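Inspection log for the structure reproduced underneath, given as structure tokens.
Coordinate-derived values only; no laboratory data. Model, not experiment: these values are computed from the prediction. A quick note on method: Cβ atoms are made from the backbone with ideal geometry, for glycine too, and the neighbour counts reach across all protein chains shown.
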């Protein structure tokens, strides 16, 4: 029995310590940032804060929440996440239901499937997309953040694969009782596939919350900027121009930036336990298949 | 009794007929159900594809796609004669390939080590911690990295106090920038990339290990002769599919971390397209550069999926 040999025991101790240390190290940067955000400005700027706040204060958070731009951005992010996810899930799931039927029932299925898959292989690219949104008059609207990425072919394929594992007898029973396809989708497929749907919905929400680039190019008015784009402009872009002395004066102190980063990460941290319960399953549906 | 059976027969056929009717009819409903997705994809994916013709024009906003003058391959000629373009292509390939290798090797080793952790609670906690960075956006992570790697950041403070090293410009020095890009990408993704390996590990038949045990094989021997060979198919599939990403150096990461100081070693095709197109307004040239990249990516993706199917029988649907 290898479990009992001395060398394996020594290995186990080393291995456990190493992996634990490594996994804690993964999150130390975020923890450090939290400590900076709760410290006083002077020690934070001098780089004295490590893994404990120095001169504990919540001033940075008070400042962040008094910033009108930050608050309106927070609102935009919540809106795009809620509306965007709800619409995307509806559109993708009903399409996946139809595409999960075999060609005997839905003759055009394969044609539709190819129509979608082609867009995974080839895209128009940044500039044509930008010009399209401009020409459609969607600039500076919430729709510019929701519509272009609404259909996710990868998610449709995941759902199709999942829907196909639902026993056909369930649906046949519903058809006998006079249900149509839409009824069967709502009353049978949705409840049965709730774990898969929840997984994809959570991924979509995280995607919306984290999306910053569309906000950066499609939104001009700062009150319409989603939070991720707002943070990109105040944290990342501000840092790039720090060689310019006029910018330094306008830059928010390190503690405030740290608090903004932490608040931006907070919703992800909050949904993460739920995500983790589901996503292993979701990833495996897509990755390893028999 | 007799009367009953006679009565049941027509009932059954009626039910069967109705079932046939409702499941085979109503194809219009199925068409209707894909319609929203079809329309959205048409507008936001297929219409932009037609915008690619801009790459062969001198696009002017006022004239539009139909009115702008045709210039043939002018932008492509300019692109290939441009030494800077060769540099960013090389940067892109360098970043993408190094990441592909690192994101295959490190998760693989990590999964093997994690598989030896017997304590389920500990195993699950480790997994929870290492998966998390995958879900944070590059804006958040860039914010953290900029703070952490700055001159007064934690890393440089540690280096100077513990090792007495002068501050390192992780984001301002070209070579260190490359290192930071690769390292931070591994930090974000290695945990998440172990999932596929862990799934494959869980699928190994325990009888193999029992047999090896009976034959007196040590755990190390078991790893080399059972565990690692069982993972080879998964590595082959992931490695082949990764071929499609050879031109993808991760725009979000580079865009949020780079600065004009290190363009020479850090600029990639995607960030170049963004600056040329949306900041300098050279729509046609940027589209041409992007088209060049998408064509190569397309060829690579199709090849990689074909290979994955040939070698390992992998299909996405």
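Between the beta carbons of residue B:264 and residue B:165, assuming R0 = 22 Å, the FRET efficiency works out to 0.35 to the nearest 0.05.
Rounded if a/c is under 1.5, else prolate if a/b is larger than b/c, else oblate: which is region B:168-317, with a ≥ b ≥ c the root eigenvalues of its Cα gyration tensor?
Oblate is the answer for region B:168-317, as a/c is 1.5 or above yet b/c matches or exceeds a/b.
Here the average projected area of the convex hull drawn through the C-alpha atoms of region B:270-317 stands at 4.1 nm².
Only helical runs count toward this figure. For chain B, summing -39,500 (n - 2.57) over DSSP H runs of n ≥ 4 and dividing by all residues gives -22000 deg cm²/dmol at 222 nm. Entry for region A:1-89 at q = 0.16, 0.23 Å⁻¹: log10 I(q)/I(0) = -0.84, -1.04, Debye formula applied to identical alpha-carbon scatterers, no solvent contribution. From least to most packed, judged by other beta carbons within 10 angstrom and beginning with the fewest, A:181, B:134, B:75 follow the order B:134, B:75, A:181. From largest to smallest, the equivalent ellipsoid semi-axes obtained for chain A from the alpha-carbon gyration tensor read 42, 31, 17 Å. The alpha carbon gyration tensor of the protein assembly as shown gives principal lengths a ≥ b ≥ c with a/c of 1.5 or higher and a/b no greater than b/c, which makes the shape oblate. Of the two radii for region A:50-131, the radius of gyration is 1.29 times the Kirkwood radius, both from the alpha carbons; that is the Rg over Rh value.
Only alpha carbons enter this Debye calculation for region A:2-45, each as an equal point scatterer, and the log10 of I(q)/I(0) it gives at q = 0.20, 0.34 Å⁻¹ is -0.69, -1.03. With helices as the sole contributors, chain A gives -21500 deg cm²/dmol at 222 nm; each DSSP H run of n ≥ 4 counts as -39500 (n - 2.57), and the sum is divided by every residue. The value of relative contact order for chain A, using C-alpha pairs under 8 Å at least six residues apart, is 28 percent.
Sorting B:284, B:50, A:187 by the number of Cβ atoms found within 10 Å of their own Cβ, with the fewest placed first, yields B:50, A:187, B:284.
Listed from fewest to most Cβ neighbours within 10 Å, the set A:172, A:59 follows the order A:172, A:59. Separation of region A:61-128 and region A:210-239, taken as the distance between their Cα centroids, equals 20 angstrom. Please build a GNM for chain A, connecting alpha carbons under 10 Å apart, and tell me which residue among A:266, A:126, A:74 fluctuates the most. Highest fluctuation of the listed residues: A:126.
Applying 1/(1 + (r/R0)^6) with r as the Cβ-Cβ distance of residue B:80 and residue A:222 and R0 = 51 angstrom yields a FRET efficiency of 0.80.
Shape summary: region B:111-237 maps onto an equivalent ellipsoid whose semi-axes, from the alpha-carbon gyration tensor, are 39, 16, 14 Å in decreasing order. In whole angstrom, how far apart do the alpha carbon centroids of region B:208-231 and region B:259-274 sit? Each part reduced to its Cα centre gives a spacing of 48 Å.
Taking the C-alpha atoms only, the angle from helix A:153-163 to the longest principal axis of chain A is near 50 degrees. Pairwise inverse Cα distances across chain B, averaged and inverted, put the Kirkwood hydrodynamic radius at 24.8 Å. When you restrict to C-alpha pairs under 8 Å that are six or more residues apart and normalise by the size of region A:1-69, the relative contact order lands at 23 percent. Remark: spin-label model distance residue A:42-residue B:97 equals 5.4 nm, labels positioned 7 Å along the Cα→Cβ axis. Here the contact order of chain B, divided by its residue count and restricted to Cα pairs under 8 Å and six or more residues apart, works out to 25 percent. Averaging Cα coordinates gives a centre for region B:117-155 and one for region B:89-104; these two points are 21 Å apart.
On a per residue basis, the convex hull of the C-alpha atoms belonging to region A:1-156 measures out at 266 Å³.
Here the Debye sum runs over all C-alpha atoms of region A:155-198 as equal scatterers in vacuum, and log10 of I(q)/I(0) at q = 0.17, 0.28 Å⁻¹ comes out as -0.44, -1.03.
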